[in-house]
Each structure stands twice: as structure tokens, then as C-alpha cells.
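One structure below.
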Amino acid sequence: MLQLRDVHVGYGRTAVVHGVDLEVPTGSVVAVMGHNGAGKTTLLRAAVGLLPVRAGTVLLDGHDVTRWRPHRRVRAGLAYVPQGQQSFGQLTARENLQLVADVQGAAGARRVDDALDLFPALRGLLGRRAGLLSGGQRQQLAIARALVTGPRLIVLDEPTEGIQPSVVAEIEDAIVQLAATGGLSVLLVEQHVGFALAASSRYSVLESGRVTATGAGGAEREADVRAAMAL
Amino acid sequence: MDALFSQLFAGLSLGSVLLLAALGLALTFGQMGVINMAHGEFMMAGAYTAFVLQALIGDAGVSLLVALPLGFLVGGLLGLLLEVTLISRMYRRPLDTLLVTFGVALVLQQLARDVFGAPNVDVRAPAWLQGAVPVLGMNLPRTRLFILALAVTCVVVLALVLKLTPLGRRIRATVQNRDLAEASGVSTRATDRLTFFVGSGVAGVAGVALTLLGSIGPTLGTSYVVDAFLVVVVGGIGQLKGAVVAAFSLGLLQATFEYSTTASLAKVLLFVVIVAFLQVRPQGLVSVRTRSLA
């Protein structure tokens with residue numbers, strides 16, 4: 001589904017990601033873990049096209065999309081939920097979803113409905129400005145918005161960071177449910193190692209912009225991964 | 001009482017002109033953050049569109065009604081050309097944009113001089129806009145009433161487009177968070193171009209309206225562009241309703257100052273008030289409230 005081959009990314013003169021290889025096979029959940037500053041978010045932003053790749057290749061369904069703009073990748077089935085519960089704060093929750101549905105035609109309205117089924121709490125908040133929602137509600141809205149694009153692969157950057165525990169469980173359940181029943185591939189960056197491993201079929205540990213460990217997922221691998229991350 | 005009403009109308013009338021001049025800028029500067037010094041020249045292009053149409057059609061009423069949409073198109077296309085060729089290469093470089101668009105403004109002024117000549121020219125107002133309407137013992141010029149109605153119409157249409165249409169949603173999303181808009185499947189390049197087209201088009205409409213107030217010349221835009229920027233800054237960047245409130249407030253203030261002093265001194269006093277106001281409220285009249293900045 002998504003392949004990163006020898007990808008190098010940086011900001012200005014600073015190189016952040018050095019030759020990373022990563023593959024998300026169709027229907028799988030791949031977790032990327034690492035300390036703050038390891039280059040996880042930079043890697044994800046490059047994968048979705050928000051940062052230019054200095055060297056290497058990004059392949060989506062075997063097509064080289066390295067030079068594609070982000071919106072084109074989205075339309076090809078790659079959705080992205082950035083770090084920090086980002087929404088369009090001055091738009092209502094409904095407009096946040098409608099914005100994406102606009103370009104989907106009839107399928108858009110159905111997908112809005114499906115996304116709201118996944119996060120029913122949002123139904124009562126549709127008329128409220130997204131900037132006035134709580135962090136957990138905004139994150140649910142962000143995931144819902146990504147789902148309205150009709151993705152086959154969703155890239156999630158720390159979806160439970162900074163969110164109250166009750167909502168964290170809802171979001172984690174939704175991710176597991178999407179991967180299990182929706183046939184969706186997931187690339188997940190997550191600080192919560194236990195959840196990330198339980199949900200994923202493969203994991204990679206990133207350190208100083210390089211993959212330092214990789215293996216099959218599963219909750220039983222937590223001790224190995226914590227050792228690899230020196231937690 | 002008459003004097004008060006007269007000043008009120010003068011202020012509203014001045015405010016409507018300011019609003020028309022600033023409305024397009026509220027999109028291109030207020031929403032997109034582009035300091036486009038050639039905005040006034042798009043108004044000038046709209047004004048000359050009305051002039052050329054009147055020469056071609058003859059009938060002042062028909063030519064005015066045709067000039068309004070055509071002025072929008074001319075202003076919009078000039079804006080689109082500027083965005084595609086120059087401004088799109090300079091996003092996030094505001095000083096470069098300011099200098100380049102100032103250069104473009106000078107080029108457009110010279111072009112107008114070469115094509116239409118340096119002296120000002122007149123555009124006749126149609127018969128149905130000549131004369132005045134008696135209201136409460138006052139004679140209100142029809143042209144001023146027309147411009148007031150046009151300004152209000154433009155605001156309502158623009159607000160509805162921004163609020164209710166897919167394009168409006170895309171514009172608001174892109175100006176709020178460009179990366180997130182891209183990552184939500186919105187082509188922000190296409191949105192930028194459309195936003196600039198609409199903003200510049202409204203400047204063209206403003207130019208057509210200005211032909212009703214007096215003769216027009218190559219430097220028509222220069223006299224309005226600073227006022228237009230003032231309206232957007234005082235109103236609050238990125239806020240359409242801020243521009244509306246600011247335009248009418250500044251119009252009323254200026255009319256009041258002009259009534260009590262002279263036109264030049266009124267301008268000085270207005271600037272003093274604006275500087276003092278921005279010291280107290282640098283974010284402008286209307287600011288955005290959210291729980292997060294995102």
C-alpha cells in the first residue's frame with residue numbers, strides 16, 4: 001500500500017530523517033515508536049507530502065508519489081490526522097466534515113454519516129465551532145474528517161496525546177475497529193507503547209531519524225520494544 | 001437635526017465607498033495575508049472598464065449595468081494573472097510581495113496613461129441616477145444611495161459565498177490552516193487563485209462605482225488603497241464583519257471631523273484616532289475566539 005524507500009527529510013540545513021525504509025502492507029496496522037525528536041512526525045509529514053523528501057522514494061500502490069502534492073495523495077486514498085487535535089477552529093464541526101465531503105459527491109454525505117456513527121458524541125456538536133470543542137472532541141473530529149476522504153490508508157500522528165483518559169479509550173477502540181472491520185491500513189505514531197503494539201501487526205522504532213528496531217506487533221512484544229527504546 | 005442627519009448620511013456614504021474599496025482587500029490581505037499594493041489599480045481597471053463600455057454602448061444605464069459584472073471580471077483576471085505570475089512565488093515573503101506589487105501598480109498606472117491619456121476622464125451617470133431623493137427634508141444624491149446599496153449587496157453576497165458555498169468553506173479552511181487543508185484533500189493552490197480572483201474582482205466593481213462620484217484617472221487607485229488597508233487593519237485581519245464595521249465607523253468619523261474642521265485636518269485627526277485605537281486594540285475591532293489556535 002505505502003512504501004518509503006531510503007527516505008531523507010530535513011528542515012533547512014538540518015537533516016532529521018536519514019534513509020528510512022518503511023512499508024505499510026494493505027490491511028495492516030504499522031506502528032512507529034520513538035522518543036520525542038526522533039523524527040516520527042517529520043517522517044509522517046514527508047509520507048503525506050507536507051514536507052519535501054530530499055532523497056528516496058514514496059510509493060502509494062506501487063506509484064511513485066514522491067512529488068505529488070498532499071491533496072492529490074489524499075484523493076488517491078491516503079488520509080492524515082496530524083498531531084495536536086488539529087481542526088479548522090473557525091469552522092463548525094459540520095463544516096469541517098462538509099469541507100471534505102464537498103469534493104466527494106454523493107459518497108461524501110454517506111461517509112460523513114459513517115464517520116459520525118463511529119463517533120456519535122459528535123452528532124450533538126455539529127453546529128459548534130471546532131475551536132470551542134474540547135481536545136478529545138477535536139481529535140474525534142479530526143479522525144472523522146480524515147475518514148470522510150474515503151481513505152484506504154490512514155496516517156495517525158499521536159492520536160491520543162494530551163487527551164483525557166475516557167476519550168483515549170474511545171479513540172483507541174475506533175482505531176482498532178477501523179482496522180479490523182473497515183479493511184483500512186493504518187500507519188500509527190503513538191507514545192502509548194502498550195496500545196500501539198496491541199493494535200499493530202508490525203512496528204518500527206525510530207531513533208535520531210533512523211530505524212533502529214523493527215518486528216512483528218502484538219502486546220507480548222512490549223518488553224522487547226521498551227528495551228529497544230531504552231524506556 | 002438636519003445637520004446631524006446630513007453628517008450621518010455623509011458618513012454612511014463615505015463608509016460605503018471605503019467598504020467597496022476594502023472588501024476585496026479583506027479577502028486578499030485579510031484572509032490570505034498578501035500585501036497587494038496593486039489593489040487600487042484593479043479598481044482603476046474597473047473604472048476604465050466602465051469608461052470604455054460607455055464609449056462603446058452609449059447608453060449610460062446599460063453600460064453601467066454591464067460594467068459591474070465586466071469590471072468584476074477584468075479586476076479578477078488581472079488579480080489572477082498577478083497571483084499566478086508573481087504572488088504565488090512569494091507567499092511568506094510579505095516585504096518582497098509589497099515591493100513587487102508596488103512596482104506592478106506603477107506599471108499599470110503607466111499603462112493606463114499610455115492607453116487612455118494622462119488627463120482624467122468622465123463617465124456619465126445614467127439618468128435614473130441623476131438628481132436626488134428627498135428624505136426628511138434632505139436631498140440625498142441617487143448616486144450615493146446606489147453606491148451604498150451596491151456596497152451592502154457586495155458584502156451580503158460575499159458573506160453568503162464564504163458561509164454557504166464549497167468555495168467559501170475551502171477559502172476559510174485554507175486561510176486558517178493551509179497544511180491541514182491540503183491534508184484534507186483541498187487544493188490550496190487552486191483555492192488561492194480563486195480567492196485572489198474574487199478579491200480582485202470586487203476591487204473592479206468598486207472601480208465601476210467610483211466613476212459615479214467624479215472623474216477617473218490613472219492614479220485613481222492610489223488615493224483609495226491606503227484607506228482600504230486602514231479599514232482592514234482596524235476591522236481585524238481576516239474578519240469580513242470587522243471590515244464592514246470599520247468602514248462605516250471610519251466614514252462617520254471622517255465626515256464628522258470634516259464637518260468641524262477641514263478635509264486635510266480631518267484626515268490627520270482620523271489617523272491620530274486610528275493610531276491610538278491600534279495601541280489599545282492591535283488585533284482590530286473584531287477578533288477570533290477559540291479554545292485553541294488551530
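Computed from the coordinates by the stated procedures, all read-outs in this text should not be read as laboratory data. Keep in mind that this is a model prediction, so the values were computed, not measured. Neighbour counts run over all protein chains shown; Cβ positions are idealised from the backbone, glycine included.
Computed from point charges on the beta carbon alone (+1 for Lys and Arg, -1 for Asp and Glu), the dipole magnitude for the protein assembly as shown about its Cα centre is near 360 Debye. Between residue B:98 and residue A:164, the modelled label-to-label distance comes to 4.6 nm, taking each label 7 Å out from Cα in the direction of the beta carbon. Our helix-only sum for chain A, with -39,500 (n - 2.57) per DSSP H run of n ≥ 4 divided by its residues, gives a mean residue ellipticity at 222 nm of -10500 deg cm²/dmol. With a Förster radius of 45 Å applied to the beta-carbon distance between residue A:109 and residue A:208, the computed FRET efficiency rounds to 0.50. Between amide H atoms placed 1.01 Å from N, distances below 5 Å from residue B:34 occur with B:29, all of them 5 or more places distant or on a separate chain.
Placing +1 on the Cβ of each Lys and Arg and -1 on the Cβ of each Asp and Glu in chain B, which of B:123, B:82, B:71 has its Cα farthest towards the positive end of the resulting dipole? Checked the options; the winner is B:82.
Calculated mean residue ellipticity at 222 nm for chain B: -24000 deg cm²/dmol, from DSSP H runs with n ≥ 4 weighted as -39500 (n - 2.57), summed, divided by the residue count and rounded to 500. Working note: Karplus 6.51/-1.76/1.60 with θ = phi - 60° gives region A:56-71 the couplings x, 9, 10, 10, 10, 6, x, 8, 6, 10, 3, 9, 6, 6, x, 5 Hz, where Gly and Pro are set to x. Over all projection directions, the Cα-based convex hull of region B:142-281 averages an area of 10.2 nm². Highest mean packing comes first when the peptides A:44-51, B:201-208 are listed by Cβ atoms within 10 Å, giving B:201-208, A:44-51.
Select from A:118, A:105, A:92 the residue farthest towards the positive end of the dipole of region A:84-150; place +1 on Cβ of Lys and Arg, -1 on Cβ of Asp and Glu, and compute about the Cα centre. It is A:92.
Here the contact order of region B:189-294, divided by its residue count and restricted to Cα pairs under 8 Å and six or more residues apart, works out to 25 percent. Inside 10 Å of the C-beta atoms of B:174-182, what's the mean count of C-beta atoms belonging to other chains? That works out to 6 on average. Shape index of the protein assembly as shown: Rg/Rh, with Rg the Cα radius of gyration and Rh the Kirkwood radius from the inverse mean 1/r over Cα pairs, equals 1.08.
Cα centroid separation, region B:72-95 to region B:177-194: 16 Å.
With neighbours defined as other Cβ atoms within 10 Å of a residue's Cβ, the residues B:140, B:19 order from fewest to most as B:140, B:19.
Of all lysines in the structure, those lying under 24 Å Cα to Cα from residue B:267, and not within fewer than 8 positions of it along the same chain, are B:241. The percentage of C-alpha pairs in chain B whose separation is greater than 35 Å is 17%.
In summary, region A:84-150 shows an alpha-carbon radius of gyration equal to 0.96 times the 2.2 N^0.38 Å reference for compact globular proteins.
The label point for residue B:215 and the one for residue B:107, both projected 7 Å from the Cα toward the Cβ, are 2.9 nm apart.
In the frame of its principal axes, region A:1-130 has Cα extents of 45, 30, 24 Å, reported largest first. Treating each Cα of region A:77-231 as an identical point scatterer and ignoring solvent, apply the Debye formula and state log10 I(q)/I(0) at q = 0.12, 0.15, 0.21 Å⁻¹. With one equal scatterer per Cα and no solvent, log10 I(q)/I(0) is -0.52, -0.78, -1.33.
For the pair residue A:75 and residue B:85, label points projected 7 Å from Cα toward Cβ lie 2.7 nm apart.
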